[in-house]
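Novice: The following block contains the structure, expressed as structure tokens.
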Amino acid sequence: MNVKSVSGRILCMGAINMDLVMFMDALPAPGQTFVTDNFSTFPGGKGGNQAVTAAVLGGEVSYFGKLARDSFSEQLLAGMSARGVDIRYVLRDAGSTAGIAMIWVDARGQNSIVFNPGANRLLLPEEVSEYAQCFTAGGILLVTGEILPDTIYAAIRQAKKSGMLVIVDPAPVPPLPLPDDIPALVDIVKPNETEAALLTGIPVTDFASAEQAARRLHEMGFGVPIVTLGAQGALALIDGAALRVMPFASRRSMRPLPAMSFPERWRRRWATASRWRTRWSSRARQRR
């Protein structure tokens, strides 16, 4: 698809979760009980995060997925709507729950996560056809690997049939091999090192191996592969040429915090991030 014909309308699919987070000095061993002094809830899920980020930066964003009717689902939908995401295509399943991630983080930044996808995994391939009207010509489908693989494939096929640009974040990578027709329907694929290695069989550790994996992805049929390398940056393969993208340093993130307890340091970080998200949201609404 010619990117010049893209309208700018974005349809996001993936998971919307509520993250239940506690910070502690050390993660408990099996059978061990720790007492901590903090507990926070944060909206999460790659699909929901991408939708909100695109919306607060000024995009015209809709979300197609499934949640429940529990209190967490209501909070997640209200938060997305408040930040400018069109939620009319979020279906509801009264017998399920919102996706839940229970996250413990220790003083070194190591974490332990237990995740229940809840209603996210109940979005079915036939519902993609039923709601084909949300796949609009000239729009962009941004989909992650957090929902049923067959639903992802149905969405990619419907998007391409409708004349959309298709961007896939294969996190997590679905069971392999992929259906034969899928790679050629994807305009941009954005795996990280681990995901690129799973898709191609090429271990990715640096720019050289990332380029090898990107070329293999292109041979498989993907239009533009972008392999992210964490702190090293990313590598994109565009028209046969490898483009290295170095990470951007944030002066704000490098500013040291005063002496305080570990949980308090994390609470300060999250509070700062929340304030900046709110400012972006206000500016995005003003631009409209």
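The values are calculated or read from the model by the stated rules, or taken from the named source; none is laboratory data. Worth saying up front: this structure is predicted, and the values here are computed from it rather than measured. No Cβ is skipped: glycine too gets one built from the backbone with ideal geometry, and neighbour counts run over all protein chains shown.
Novice: Here are A78, A51: which of them is part of a helix (DSSP H, G or I), modelled with pLDDT of 95 or more, crowded, with 21+ Cβ neighbours inside 10 Å and not β-branched (V, I, T)?
Specialist: Numbers: A78 fails: crowded, with 21+ Cβ neighbours inside 10 Å.
Going through A78, A51 in turn, the sole match is A51.
Novice: Exactly one of (1) assigned to a strand (DSSP E or B); (2) without any contact (Cβ under 8 Å) to a residue 60 or more places away in the chain; (3) of a type in the set (S, T, Y) is unmet by S62. Its number?
Specialist: Unmet for S62, out of (1) assigned to a strand (DSSP E or B); (2) without any contact (Cβ under 8 Å) to a residue 60 or more places away in the chain; (3) of a type in the set (S, T, Y): (2).
Novice: Still on this structure, please answer the following. Which condition from (1) assigned to a strand (DSSP E or B); (2) closer than 29 Å to F23 by Cα; (3) in contact (Cβ under 8 Å) with a residue 24 or more places away in the chain is the one that Y89 breaks?
Specialist: Every listed condition holds for Y89 apart from (2).
Novice: Select from the stretch 21-48 the residues that are more than 19 Å from the chain's Cα centre (by Cα) and buried (at least 17 other Cβ atoms within 10 Å of the Cβ) and list them in ascending order.
Specialist: Taking the stretch 21-48 as the starting set, the residues that turn out to be more than 19 Å from the chain's Cα centre (by Cα) are 22-40.
Those that are more than 19 Å from the chain's Cα centre (by Cα) and buried (at least 17 other Cβ atoms within 10 Å of the Cβ): F23, M24.
Novice: I would also like to ask the following. On the given criteria, is I226 surrounded by 17 or more Cβ atoms within 10 Å (Cβ to Cβ), closer than 27 Å to L123 by Cα and either modelled with pLDDT under 95 or not small (G, A, S) (or both)?
Specialist: Working: surrounded by 17 or more Cβ atoms within 10 Å (Cβ to Cβ): yes; closer than 27 Å to L123 by Cα: no; either modelled with pLDDT under 95 or not small (G, A, S) (or both): yes.
Here the answer is no, as I226 does not meet what is asked.
Novice: Somewhere in the stretch 103-118, is a residue surrounded by 22 or more Cβ atoms within 10 Å (Cβ to Cβ) and either of a type outside the set (G, A, S) or out of contact with any Asp or Glu (no Cβ under 9 Å at 6 or more places or on another chain) (or both)?
Specialist: Scanning the stretch 103-118, I find no residue that is surrounded by 22 or more Cβ atoms within 10 Å (Cβ to Cβ) and either of a type outside the set (G, A, S) or out of contact with any Asp or Glu (no Cβ under 9 Å at 6 or more places or on another chain) (or both), so the answer is no.
Novice: R83 fails exactly one of the following numbered conditions: (1) crowded, with 19+ Cβ neighbours inside 10 Å; (2) in contact with a Leu (Cβ under 9 Å, 6 or more places away or on another chain). What is the number of that condition?
Specialist: (2)
Novice: Select, from T151, T136, the only residue that is of a type in the set (S, T, N, Q), touching a residue at least 12 places away in the same chain (Cβ under 8 Å), part of a loop (DSSP other than H, G, I, E, B) and under 26 Å from Y89 (Cβ atoms). Quick ask: steps written out before the conclusion?
Specialist: Numbers: T151 fails: part of a loop (DSSP other than H, G, I, E, B).
After ruling out the rest, the residue left standing is T136.
Novice: Still on this model: So is V128 over 30 Å from F23 (Cβ atoms) and outside any loop (DSSP other than H, G, I, E, B) or not?
Specialist: Values: over 30 Å from F23 (Cβ atoms): yes; outside any loop (DSSP other than H, G, I, E, B): yes.
Here the answer is yes, as V128 does meet what is asked.
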